[in-house]
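The values are calculated or read from the model by the stated rules, or taken from the named source; none is laboratory data. Predicted model, so just to flag it, every value in this text is computed and none were measured. Here the Cβ positions follow ideal geometry from the backbone for every residue, glycine too, while neighbour counts run over all protein chains shown. When the accessible area is computed, the model is the full protein with side chains, heavy atoms only, and any ligands, DNA or RNA have been set aside. Shrake-Rupley method; radii C 1.70, N 1.55, O 1.52, S 1.80 Å.
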Amino acid sequence: MFSIDVEARVGKFHLQPSFTADNEFVVLFGPSGCGKSLTLQAVAGLLAPDRGRIELPGGAVAFDAEAGVNLPPQRRSVGYVVQELALFPHMTAAQNIAFGLAGWPSARRRQRVTELLALLGLEGLADRRPRQMSGGQQQRVAFARALAAEPSLLLLDEPFSALEAPLRSMLRREVAALRRRLDLTALFVTHDLGEVYALGDHVVVYDDGRVLQHGSRDDVLRRPHSRRVAELVEVRNIVPGDIVAYAEGVAVVRTPWFTSRVRDANAPVRGEVYVCIRPEHIIIEREGRESRDGGNTVIEAEIIEEVAMGNTHRLFMRADPPDMEIGVPYVFEVDVPAHPYQVLNIPSRRNWRIALTTEHTWLVPRDADPRSG
Amino acid sequence: MTQVLAQPRERTTGARLGLGWLFAPPALLFAAFLAVPLAALAWRAVTSGELADNVTSSLVLDSLRLSAITSTVTLAVAIMVGTPLAYLLARRDFPGKMLVDLLLDLPIVLPPTVAGVALLVALGRKGVLGGELDAAGVNIAFTTAAVVLAQLFVSAPFYIRTVKAGFESVEPVYEGVASTLGASPLRTFWRVTLPLAWPSLVAGAILCWARALSELGATLIFAGNLEGSTRTMPLAIISAFEAGKSIDVPIALSVILVLAAAVLLLLLRVLARGAAMRV
């Protein structure tokens with residue numbers, strides 16, 4: 001079981017990550033400069049925290065401020081793929097991969113290199129130098145090099161950020177496949193939500209040096225605990241409201257634009273809340289076919305802007321408060337896939353009824369995050 | 001300044017902009033300024049007909065041998081003590097770092113004669129440390145060892161400066177990754193840092209060796225001008241010239257020095273290019 005709970009001051013930045021990982025792929029997700037990469041450096045042994053403890057999978061203590069333990073990087077058995085890859089430019093692919101196998105008998109070392117070249121589809125490139133390889137090939141050599149000595153923990157720092165989109169998604173799939181084949185714990189740093197969807201078993205959401213939320217991917221993406229996490233995982237529709245009644249796991253929430261019944265077992269019983277719903281979970285209702293699920297919250301809204309996003313369209317839809325005296329309009333973001341977009345003939349008119357699906361709506365207390373608002 | 005030696009030249013857009021016509025005259029003029037005296041030297045050496053005799057004279061051979069040995073020893077010492085110093089200056093903070101940095105610049109700026117006087121005052125028989133050295137049976141001044149020390153004093157800073165810049169240009173992330181791959185600090189230095197800084201090491205070595213080979217002022221004052229033990233080629237040229245017998249001896253010496261320097265520079269440049277290509 002991997003665990004980290006440390007504090008480090010780096011200049012004015014205060015890094016204080018705390019989470020655990022057990023034989024799984026953990027995505028560290030957060031905006032740039034939030035301390036994800038520094039966390040990896042601390043785990044690799046390239047940054048000494050001021051206090052706390054880091055335990056590696058298998059139980060070895062890599063760092064313990066109180067016990068005065070600070071293993072040097074070369075004794076941590078951690079594979080580290082840095083953002084810039086840092087392949088040794090004066091060595092061939094095979095030499096790069098073999099670098100971490102210095103203590104191995106030469107026959108076994110050669111065998112391991114061949115094995116890794118095959119595992120990552122690099123056959124025939126063994127004698128190429130980094131500058132003679134494409135970005136994707138360099139990427140794979142960096143992976144092979146990090147995996148060579150069979151580390152107990154793999155650290156990946158935005159390894160795909162420098163690549164073009166098609167290559168990135170291909171390598172993402174390869175890493176996911178690799179991850180299924182190799183039984184190991186990996187920490188994967190990214191600020192790309194797409195990579196969270198593609199790779200994460202578990203997600204650790206970072207902001208400003210701290211862990212805001214840690215949980216299974218679906219939990220974090222569908223049930224952020226605070227407004228800040230909801231923003232970071234791009235929930236987009238975060239509507240302030242008040243709980244006016246609560247009974248048997250169903251909260252009645254009143255906002256200036258609608259009143260909604262939210263079934264959320266974790267919902268607060270009373271007080272100020274945010275109603276959260278992702279753009280893909282808002283449905284545009286077809287004329288004359290009202291939502292069969294009586295629980296959905298139905299709102300009249302007007303399309304004010306539209307952005308084509310490849311296979312979906314994002315609609316910005318304005319809802320006016322029924323009582324114009326008490327508020328400003330709220331603009332919902334609604335994602336409509338290409339097919340329903342055509343079937344409904346969205347461009348034909350501007351005013352639609354939208355339904356917030358009950359099962360995808362949840363509440364976040366407004367005072368949960370001091371920096372919200 | 002020193003990077004020029006090691007790095008392949010960049011192609012500029014100057015030519016395409018028509019700057020070639022504008023910049024060619026001064027450039028050619030200066031090239032001619034460098035080439036004409038060297039060509040004259042070669043021409044005189046060939047036409048005088050005494051080149052062969054002079055080249056094989058003991059005066060020339062002795063000074064040639066001495067120059068070759070002392071400048072090579074100087075370079076070897078500079079590499080052995082200068083490389084660790086350059087690494088520390090590039091990678092570590094330590095008390096007195098500013099002072100060491102300043103000390104390294106001084107010999108580059110000072111006239112070599114000042115270095116010679118300073119060395120004599122410190123290590124000469126009547127120098128500050130002279131008594132102790134004498135008691136230990138060590139006599140440095142006016143020996144071949146003094147030639148090496150004089151050369152080292154003025155030329156090693158060129159090596160250290162250049163190599164320091166080379167180490168600084170190696171991204172620390174390479175060393176970090178090497179250490180996560182199980183490499184000890186020494187192995188990381190040997191297998192990663194040093195090869196990546198290699199072009200700078202070669203450039204520094206060229207500068208250092210060239211400076212040592214041409215050393216005159218400090219050697220003259222600290223080591224003297226004794227044939228066979230301290231009379232290096234630059235000193236032999238001065239001596240022959242001042243003796244005023246014939247200008248043929250200085251010419252022969254000069255030609256040999258030019259040829260030796262040109263061959264070595266060319267060789268090292270090929271080496272440096274090879275190193276740059278590998279990276």
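Per-structure values
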quantity: Leading residue at positive end of dipole, the protein assembly as shown (Cβ point charges), from A:Asn237, A:Trp362, A:Gly35; calculated: A:Gly35
quantity: Solvent-free Debye scattering, log10 I(q)/I(0), computed from the Cα coordinates of the protein assembly as shown at q = 0.08 Å⁻¹; calculated: -0.82
quantity: Backbone HN-Hα couplings from phi across the range B:83-93 [Karplus 6.51/-1.76/1.60, Hz, Gly and Pro as x]; calculated: 5, x, 5, 4, 5, 4, 5, 7, 10, 10, 9
quantity: Distribution of pairwise C-alpha distances over the range A:160-284, 5 Å bins, in %; calculated: 2, 9, 17, 17, 17, 13, 10, 6, 6, 3, 0
quantity: At R0 = 25 Å, FRET efficiency that the Cβ-Cβ distance of A:Glu248 and A:Arg210 yields, to 0.05; calculated: 0.10
quantity: J(HN,Hα) series, the range B:171-185, from Karplus relation 6.51 cos²θ - 1.76 cosθ + 1.60, nearest Hz, glycine and proline x; calculated: 4, x, 4, 4, 5, x, 5, 4, 5, 5, 8, x, 7, 5, x
quantity: 19 Å Cα-Cα reach of B:Lys97 towards aspartates and glutamates, excluding residues that sit fewer than 8 places from it in its own chain; calculated: B:Asp105, B:Glu168
quantity: Dipole in debye (nearest 20) - chain B, about Cα centre, beta carbon charges: Lys, Arg +1; Asp, Glu -1; calculated: 740
quantity: Protection-proxy order for peptides B:54-61, B:69-76, each taking the mean of Cβ atoms within 10 Å per residue, highest first; calculated: B:69-76, B:54-61
quantity: Long-range amide H partners of B:Arg125 with built H, under 5 Å; calculated: B:Ala141
quantity: The range A:13-64: equivalent-ellipsoid semi-axes (sqrt of 5 x gyration tensor eigenvalues, Cα, Å); calculated: 18, 15, 9
quantity: Extension gain, B:Glu227 back to B:Val81 (0.36 nm per residue minus Cα-Cα distance, nm); calculated: 49.6 nm
quantity: Loop sites in the range A:1-87: GluC sites (Glu not before Pro), DSSP, at most 13 other Cβ within 10 Å; calculated: A:Glu66
quantity: Expected 222 nm ellipticity per residue - DSSP helices of 4 or more, -39500 (n - 2.57), all of chain A, to 500; calculated: -6500 deg cm²/dmol
quantity: 222 nm mean residue ellipticity, helices alone, for chain B (DSSP H n ≥ 4; -39,500 (n - 2.57); rounded to 500); calculated: -24000 deg cm²/dmol
quantity: Calculated FRET value between B:Leu186 and A:Ser169, using beta carbons and R₀ = 41 Å, to 0.05; calculated: 0.50
quantity: Residue-wise HN-Hα coupling along the range A:38-45, computed from phi with Karplus coefficients 6.51, -1.76, 1.60 (Hz; x: Gly, Pro); calculated: 4, 4, 4, 4, 5, 5, 6, x
quantity: Degrees separating the helix A:106-119 axis from the principal Cα axis of chain A, which is the longest one; calculated: 20
quantity: Where labels lie 7 Å past Cα in the beta-carbon direction, separation of B:Phe241 and A:Ala102 in nm; calculated: 5.2
quantity: Selection from B:Phe23, B:Ala150, A:Asn23 lying farthest towards where the dipole of the protein assembly as shown points positive, charges on Cβ; calculated: B:Ala150
quantity: Inter-part distance where the range B:71-148 and the range A:320-363 are each reduced to a Cα centre, Å; calculated: 81
quantity: Ratio Rg/Rh [Cα only; Rh per Kirkwood] for the range A:1-108; calculated: 1.01
quantity: Qualifying GluC sites (Glu not before Pro) for the range A:226-269 [loop in DSSP, other Cβ within 10 Å: at most 10]; calculated: A:Glu248
quantity: Fully extended contour minus Cα-Cα distance, from A:Glu285 to A:Ala67, at 0.36 nm per residue; calculated: 72.2 nm
quantity: Rh by Kirkwood over Cα pairs, then Stokes-Einstein D for the range B:51-278 at 1.306 mPa s and 10 °C, µm²/s; calculated: 83
quantity: Sites excluded, trypsin sites (Lys or Arg not before Pro) in DSSP loops with at most 11 other C-beta within 10 Å, longest stretch of chain B; calculated: B:127-244
quantity: Accessible solvent surface per residue of the protein assembly as shown, calculated while the other protein chains remain in place, 1.4 angstrom probe, Å²; calculated: 50
quantity: Euclidean distance of C-alpha centroids, the range A:90-152 and the range B:217-239, integer Å; calculated: 56
quantity: Under 5 Å, built H, 5+ apart or other chain: amide partners of A:Leu153; calculated: A:Gly79
quantity: Other-chain or far-sequence residues with amide H under 5 Å of A:Ile282's (modelled H); calculated: A:Asp335
quantity: Between 0 and 90°, nearest 10: helix A:135-147 axis offset from chain A longest Cα axis; calculated: 70
quantity: Simple label model, 7 Å out from Cα along Cβ direction - A:Asp218 to B:Glu168, nm; calculated: 5.6
